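The values are calculated or read from the model by the stated rules, or taken from the named source; none is laboratory data. Predicted model, so just to flag it, every value in this text is computed and none were measured. Cβ placement follows ideal geometry from the backbone for every residue including glycine, while neighbour counts extend to all protein chains displayed. Note: accessible area is taken over every heavy atom of the protein model, side chains too, but ligands, DNA and RNA are not part of it. Shrake-Rupley method; radii C 1.70, N 1.55, O 1.52, S 1.80 Å.
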Amino acid sequence: MVANISDLKHWIQAAVLDVVDHRNLDADIEYFREHPSTTENLAVFIWIRLARVMPPGILYQVIISETAKNKVIYSGEGLTDSDYDECVV
């Protein structure tokens, strides 16, 4: 499915950047008090936050690149309803 880039920017800003930008993840965001702020857990957090605001079927992957050779790709596998409930800020 295709999304308008301005909609995508809005979803990312509202669901992710407004929440994590200029914050100490472990101290300021409740989700990371229970889940260490690894790149893998950050990808899961971003997936859950975006899945809440985007229309079904649009979100495909969350990719976080730490370096040119080190990245995390997450596609929402293994999540349960309780994972969504735990993802609070």
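Do any trypsin sites (Lys or Arg not before Pro) in region 6-89 lie in a DSSP loop with no more than 13 other beta carbon atoms within 10 Å, and if so, which?
23, 69
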Length released on extending from residue 22 to residue 68, taking residue separation times 0.36 nm less the Cα-Cα span = 14.2 nm
Sorted list, accessible surface of protein heavy atoms, 1.4 Å probe, largest first, for 42, 50 is 42, 50
Where the only charges are on Cβ atoms (+1 Lys, Arg; -1 Asp, Glu), what is the dipole of region 1-63 about its Cα centre, to the nearest 20 debye?
-> 200
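Report the longest stretch of the chain that contains none of the GluC sites (Glu not before Pro) sitting in a DSSP loop with at most 12 other Cβ atoms within 10 Å.
No qualifying site falls inside 31-65, the longest such stretch.
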